[in-house]
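J.: Here's a structure for you.
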Amino acid sequence: MVMADNEFSGSRESQRIDIDDDASIRRWAKELGVTRVQIIDAVEKVGPRVEDVRRYLDQQIAAGQADA
């Protein structure tokens, strides 16, 4: 089976946020400079990929819709 180049990448952007793991939520909230609630909301809306969550949060902040 052939894997995509980024499937096993160790880069931060390819990682996933596990909203069932409090330590994961805390880590990424701190890393991204947002609240735990914002992390959970973002993951529920765009999925667990950090890249997608970061993009979503950036858009929310730019639109003035973040509850930070």
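J.: Which pairs do you get when a residue that is at pLDDT 90 or above and loosely packed, with under 13 Cβ neighbours inside 10 Å, found in the range 9-30, comes within reach of a residue that is in a loop (DSSP other than H, G, I, E, B) and polar (S, T, N, Q), reach meaning Cβ atoms under 8 angstrom, with the pair 6+ apart or on two chains?
T.: That search, which allows pairs on different chains as well, returns nothing.
J.: Please go through the range 45-59 and pick out each residue that is in a helix (DSSP H, G or I) and touching a residue at least 12 places away in the same chain (Cβ under 8 Å).
T.: Correct list: 50, 51, 53, 54, 56, 57.
J.: Condition first: at pLDDT below 95, in contact with a helix residue (DSSP H, G or I) (Cβ under 7 Å, 6 or more places away or on another chain) and part of a loop (DSSP other than H, G, I, E, B). Can you find one or more residues in the range 33-44 that meet it? Quick ask: steps written out before the conclusion?
T.: Start the filter on the range 33-44 by keeping residues that are at pLDDT below 95, which leaves none.
For the range 33-44, residues at pLDDT below 95, in contact with a helix residue (DSSP H, G or I) (Cβ under 7 Å, 6 or more places away or on another chain) and part of a loop (DSSP other than H, G, I, E, B): absent.
The values are calculated or read from the model by the stated rules, or taken from the named source; none is laboratory data. Every value quoted in this text rests on a predicted model; they were computed, and no experiment measured them. Every residue, glycine among them, receives a Cβ derived from its backbone with ideal geometry; neighbour counts consider all protein chains shown.
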